[in-house]
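One structure is given here, and the rest of the page talks about it.
The values are calculated or read from the model by the stated rules, or taken from the named source; none is laboratory data. Worth saying up front: this structure is predicted, and the values here are computed from it rather than measured. When we count neighbours, we look across all protein chains shown, and the Cβ atoms used for this are built from the backbone with ideal geometry, even at glycine.
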Amino acid sequence: MAAQMSDAHRRFLQVLMSHGIMEGAEARKLHRCCCEISKAYYAQDKLDDFVSTINNQLQPLFMQIRKGMSEVDGRTHYALVNMAETEITKMASDYAENELELFRKTMDLIILSENGFASSTDILNSADQLKTKKMKKKEAEQVLKIFVDDKWLSERNGEYTLHTRCIMEMEQYILSTYPDIAKKCNICHSLAIQSQACETCGTGMHLPCVGKYFKTQSRPRCPQCNDFWPYEIPDRSRIDSQSSSRRVSRRELQSL
Amino acid sequence: MAGRRLPAAEIWGRFNGCWRHWMSQRKRSRGSGLTQGDDEDFSVVPTQSPSQVQRNLESRSQEEINRKVTELVQFLLVKDQKKIPIKRVDILKKVIREYKDVYSEIVNRAGRTLQQVFGLQMVEIDTKHHIYILTSTLPRVEGENLKQDIQTAKLGLLIVILSFIFMKGNSAKDSAVWEFLRRLRVHPGEKHEVFGDVKKLVMEEFVRQKYLEITPIPLTDPPEFNFQWGPRAAKETSKKDILSFVAKMQKKEPSFWISQYNEAKANT
């Protein structure tokens, strides 16, 4: 049933690996390019099958091309993730002890925060208290830039959150390390770093999921406790309707 | 960045376009990686007869060996993504460890996996110190999917330097290179909008990644340096590609430069 691994697959994997993460549209384009270059059979819209073939080979290596949703725009992304250990081991081979400690502290701040963001001030202050080896503010700033370049963190207006790639790779780790604090989206049941949460019952949802869920409702109400949803609903037109890998079915919507 | 190549012409096109304002260079502290405390000498690989290797293999379970192969593959990939050449010493110390006696088997299987799954191979670029890089075994192609970012810009700069070196007869003095780059508004003394500390990028990062080889010219005061292609440049691009890039830029035929043309032809 599964196709054979070919140069088209290998080329796709090499490019995806160097990017780390790719948007769905980009990945589909790459799929077509790789098949054309290798003169392999190109099955349009069968990117997921193509990826499965690669994943069969990656599985014994504890790696996987995973599909996930960006918390920002709801678009599907493909990322090559490491599934070997539950710790931050893929990063571990590349960063110094104190850099890893800074990352863990940043992750703590992000997950404990209301909005899923940690201010650079807070992060830099924690750099001063590292147990492994203290870091000066300037050095910490550069380390943060490296984390952004390497797509573990995302920066917006001087605040940091986890990059989509990081969330996709570390979802299991985060859920098991922060069992009571890490939030899950009520709609798609994935980890939610940035979310809107009901003030009454605490039910949380990704912003793109909120946009999709309330698309059919004129007076948004919490799916759990039915209280009025107090927030602005994210602009639906910005959300890719093809995005989420976990589509909310009509039945699911009606049962909520 | 692009798969594994230096697609000269395309990178130059983007490099020449508007650069995004990028933050300054990275200061890398040494990654400590996995920690272990044994005192074994990891610079030496035991030489063994095939039958001895076979016996050693049989004393280890398939599962144990597979695990080591997987660890080695991951180790190689992570290092290579950062374009850090991989030392055999590190492979032994950080991955192989107590499985030294079946080192060759683990490396061979890792090599097969790299080829089968990723289309990559280990290439030794320093036979004395046993240092490796990964290169692609897939057929080269122009115009591969490129990520528009600092990596692309850096590669653009690199290609320009490689071209200059090649056209100068495979070796150029640092003063000539900087003079040439000055015309592109890249100065070693000034902080560059995109590259930051250009001198550091060219003389340290590109050298560490084995794209350039920069050697001091003896008996020069102030010290002068000789620029040549590094072993990774030779593996990831070719004289033919670089010459056709130069030709495109100058809107001439590659054969216009007779000696470089012949050299490029002989090189393929």
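Numbers for the structure displayed
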read-out: Residue within region B:109-121 that is in contact with a helix residue (DSSP H, G or I) (Cβ under 8 Å, 6 or more places away or on another chain), on the phi < 0 side of the Ramachandran plot, buried (at least 20 other Cβ atoms within 10 Å of the Cβ) and in a strand (DSSP E or B) present; value: yes
read-out: Region A:123-144, residues that are out of contact with any Asp or Glu (no Cβ under 9 Å at 6 or more places or on another chain) and among the charged types (D, E, K, R); value: A:128, A:138, A:139, A:141
read-out: Subset of region A:60-74 (residues that are more than 20 Å from the chain's Cα centre (by Cα) and not aliphatic (A, V, I, L, M)); value: A:60
read-out: Residues located in region B:67-92, provided they are in a helix (DSSP H, G or I), more than 9 Å from chain A (Cβ to nearest Cβ) and within 11 Å of the chain's Cα centre (by Cα); value: B:80
read-out: Evaluation of residue B:237 against (1) modelled with pLDDT under 90; (2) surrounded by fewer than 21 Cβ atoms within 10 Å (Cβ to Cβ); (3) among the polar types (S, T, N, Q) (one fails), failing number; value: (2)
read-out: Qualifying positions in region A:94-117 - over 16 Å from residue A:142 (Cβ atoms) and of a type in the set (Asp, Glu); value: A:97, A:108, A:114
read-out: Residues satisfying the stated conditions in region A:156-205, i.e. surrounded by 22 or more Cβ atoms within 10 Å (Cβ to Cβ) and of a type in the set (Phe, Trp, Tyr); value: A:160
read-out: Test: residue A:209 is under 17 Å from residue A:67 (Cα atoms) and crowded, with 17+ Cβ neighbours inside 10 Å; value: yes
read-out: Region B:206-236 - residue that is part of a helix (DSSP H, G or I) and in contact (Cβ under 8 Å) with a residue 40 or more places away in the chain and, of those, farthest from residue B:164 (Cα to Cα); value: B:208
read-out: Test: residue B:70 is modelled with pLDDT of 55 or more, among the β-branched types (Val, Ile, Thr) and closer than 22 Å to residue A:16 by Cα; value: yes
read-out: Candidate set from region A:37-59 (those that are modelled with pLDDT under 90 and within 14 Å of chain B (Cβ to nearest Cβ)); member that is nearest to residue B:119 (Cα to Cα); value: A:38
read-out: Residues of region A:1-41 that turn out to be assigned to a loop (DSSP other than H, G, I, E, B) and more than 20 Å from residue A:164 (Cα to Cα), as a count; value: 10
read-out: Pairs where the first residue, in region B:253-268, is basic (Lys, Arg) and the second is exposed (fewer than 13 other Cβ atoms within 10 Å of the Cβ) and at pLDDT 90 or above, C-beta under 9 Å, 6+ apart; value: none
read-out: Members of region A:12-36 found to be within 12 Å of residue A:51 (Cα to Cα) and within 7 Å of chain B (Cβ to nearest Cβ), listed by number; value: A:13, A:30
read-out: Residue within region A:100-118 that is outside the structural domain of residue A:196 (by TED's automatic domain parsing), more than 14 Å from residue A:161 (Cα to Cα) and out of contact with any helix residue (DSSP H, G or I) (no Cβ under 8 Å at 6 or more places or on another chain) present; value: yes
read-out: Flag if residue A:148 is modelled with pLDDT of 90 or more, of a type in the set (Val, Ile, Thr) and surrounded by fewer than 19 Cβ atoms within 10 Å (Cβ to Cβ); value: yes
read-out: Region B:182-205, residues that are under 19 Å from residue B:166 (Cβ atoms) and either modelled with pLDDT under 90 or basic (Lys, Arg) (or both); value: B:183, B:184, B:186
read-out: Filtered residue count, region A:60-80, keeping only those that are assigned to a loop (DSSP other than H, G, I, E, B) and more than 10 Å from every other protein chain (Cβ to nearest Cβ); value: 6
read-out: Hits in region A:114-129 (condition: in a loop (DSSP other than H, G, I, E, B) and either aromatic (Phe, Trp, Tyr) or surrounded by 17 or more Cβ atoms within 10 Å (Cβ to Cβ) (or both)); value: A:116, A:117
read-out: Residue ID - nearest to residue B:63 (Cα to Cα), chosen from residues in region A:42-86 that are among the β-branched types (Val, Ile, Thr) and in contact with a Leu (Cβ under 7 Å, 6 or more places away or on another chain); value: A:54
read-out: Residues (closer than 30 Å to residue B:73 by Cα and assigned to a loop (DSSP other than H, G, I, E, B)) located in region A:90-113; value: A:93, A:94, A:95, A:96
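For every residue, the table says whether it meets (1) more than 28 Å from residue A:18 (Cα to Cα); (2) within 14 Å of chain B (Cβ to nearest Cβ); (3) touching a helix residue (DSSP H, G or I) at 6+ places or on another chain (Cβ under 7 Å); (4) at pLDDT 90 or above.
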residue: A:128; (1), (2), (3), (4): yes, no, no, no
residue: A:143; (1), (2), (3), (4): no, yes, yes, yes
residue: A:177; (1), (2), (3), (4): yes, no, no, no
residue: A:192; (1), (2), (3), (4): no, no, no, yes
residue: A:208; (1), (2), (3), (4): no, no, no, yes
